[in-house]
Amino acid sequence: MSGEPSSKRVKPLSRVTSLASLISPVKAAPLKRIGQTLQRSISFRSDCRPWGRQIAPAITKRRDSKLWSETFDLGLGHMLSSTEIKRQEAIFELSQGEQDLIEDLKLAKKAYRDPMLKLSIMTEHELNQIFFTLDSLIPLHEDLLSRLREARKPDGSTDHVGHILVDWLPCLETYNSYCSNQVAAKALLDHKKQDHRVHDFLQRCLESPFSRKLDLWSFLDIPRSRLVKYPLLLREMLKHTSNDHPDRQHLDEAMNMIQSIVADINTQTGESECRYYKERLLYLESGQRDLLIDSSRILSCHGELKNNRGAKLHVFLFQDVLVVTRAITQNEQLCYQLHRQPIPVRDLEWEDLQDAEVRLGGSIRGAFSHSERIKNFFRVVFRSGGQLQTHCFQASDAFNKQQWLNCIRQAKEAVWSAECGAAQTACQDRARPQHDAQH
């Protein structure tokens, strides 16, 4: 096999779905990393970008933001150290972000959901599936904003916010259901956009000043983006809060809480996305069914790749098995028909193929009319008994190929590590009775 790809971490192309700016999909690339961080926007797209798990953060165009030092009496600044001013700026940014979020959530309801319901552009059931529990998030953030404003002194400064956050952060557990529903919501929204009435309405909204050039999904994804930003805001506060500051202990506690909450929501969102795609796999024959698919709770990545004949395939890399499919529409729903037998990750071999130098059962070059198209290929091989299954995949670009190779390598390492751990445990269990018998 050729040399393994660099282990340097690469930003996952668009999923589903890691949680914050921790979260953002690269639009041009078709690899969707799932369940990795909520810092990836949920990426279910018929355009096949690879949540994901996995999933880049949505880029929201905010209003012009004001600094704390620009909002309140500058005279106070002369009495504060530069570190304390930065601390006040971080606290103020938290407060302003809550206000912006509340305005955006209300806008999503007033400018999108309510008119589409009133005009019968979508049914109430469809809108409930897409907007889900969005309304319930508004009072939650209004509560935090109210508490932060109450803690602000007349001069605009705030002494303590840690205790407020420690008391409020458990409310974010309600994000579990909202984030877990995003992949299904995105799929339904994409499907409904094929209706010209829906498309025309959303296009008019996009062209209106109130949208700030953001589409509906950007508004629906704002809660996830906000969720993943809390650790960053807290980190900035801690950076400018001395160890002996009265607020330090509570801020440390709040940081631990939000990291745990985000990790838990990220895990559940990844599992939800994994279930979503497993339910949409179509088997041509019973022999294609595999317990490794059924038992998978993690979808490492997925996306569109081409084979050496230029045919589009949709490939899923679950934690223990690679599944090659063709995307088809069945009952007005996008589904994925298995193309070949699933390949266990433990038995999978891979190779990074050099551009324009590939031969596989004949010349891959012959399948393309221009040499510049013979790029970004990698090969996956599975040997079982006397059978050989080989796939030669072409990624959309070098970056996308590198992501696939990194995901495959990491999946194999995880399987190997799990098997080694299981073997070690088994050895210890076998040795224990002998040790007990000797005593």
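The values are calculated or read from the model by the stated rules, or taken from the named source; none is laboratory data. All of these numbers come straight from a predicted model, not from anything done at the bench. Virtual Cβ from ideal backbone geometry, glycine too; neighbours counted across all protein chains shown. When the accessible area is computed, the model is the full protein with side chains, heavy atoms only, and any ligands, DNA or RNA have been set aside. Shrake-Rupley method; radii C 1.70, N 1.55, O 1.52, S 1.80 Å.
Odds and ends about this structure:
- Separation of alpha-carbon centers, the stretch 77-117 and the stretch 376-413, rounded to whole Å: 44
- Near-label residues of the stretch 94-108 by backbone N, under 12 Å of a point 7 Å along Cα→Cβ of residue 142: 102-103, 106
- Pairs spanning more than 32 Å between alpha-carbon atoms, out of 192/312; 86/110; 110/239: 86/110; 110/239.
- Spin-label model, residue 194 to residue 232: label points 7 Å out along the Cα-to-beta-carbon direction sit 3.5 nm apart.
- Rounded to whole Å, the principal axis extents of the Cα atoms in the stretch 80-279 read 60, 39, 23, largest first.
- Solvent-accessible surface (1.4 angstrom probe) belonging to residue 206, in square angstrom, nearest 10: 50
- Here the gap between residue 398 and residue 107, fully extended at 0.36 nm per residue and compared with their Cα-Cα distance, gives a gain of 100.8 nm.
- Remark: the stretch 80-279 carries a charge dipole of roughly 560 debye about the Cα centre, counting +1 on each Lys and Arg Cβ and -1 on each Asp and Glu Cβ.
- Charge context of residue 239, other residues only, Cβ under 14 angstrom, K/R +1, D/E -1: -2
- The phi-based Karplus calculation (6.51 cos²θ - 1.76 cosθ + 1.60; θ = phi - 60°) puts the 3J(HN,Hα) values of the stretch 376-384 at 6, 9, 9, 10, 10, 10, 9, 10, 9 Hz, whole numbers, x for Gly and Pro.
- Put simply, the C-alpha atoms of the stretch 124-208 give a gyration tensor, and the ellipsoid matching it has half-axes of 37, 17, 9 Å, longest first.
- Annotation: per residue accessible area for the stretch 80-279 equals 44 Å², rounded to a whole number [probe 1.4 Å, protein chains only].
- Estimated inter-spin distance, residue 349 and residue 335, nm [label 7 Å along Cα→Cβ]: 3.5
- Accessible surface of the stretch 73-216, 1.4 Å probe, proportion on carbon and sulfur as whole %: 55
- Extension gain from residue 264 to residue 312, taking 0.36 nm per residue of separation minus the Cα-Cα distance: 13.8 nm
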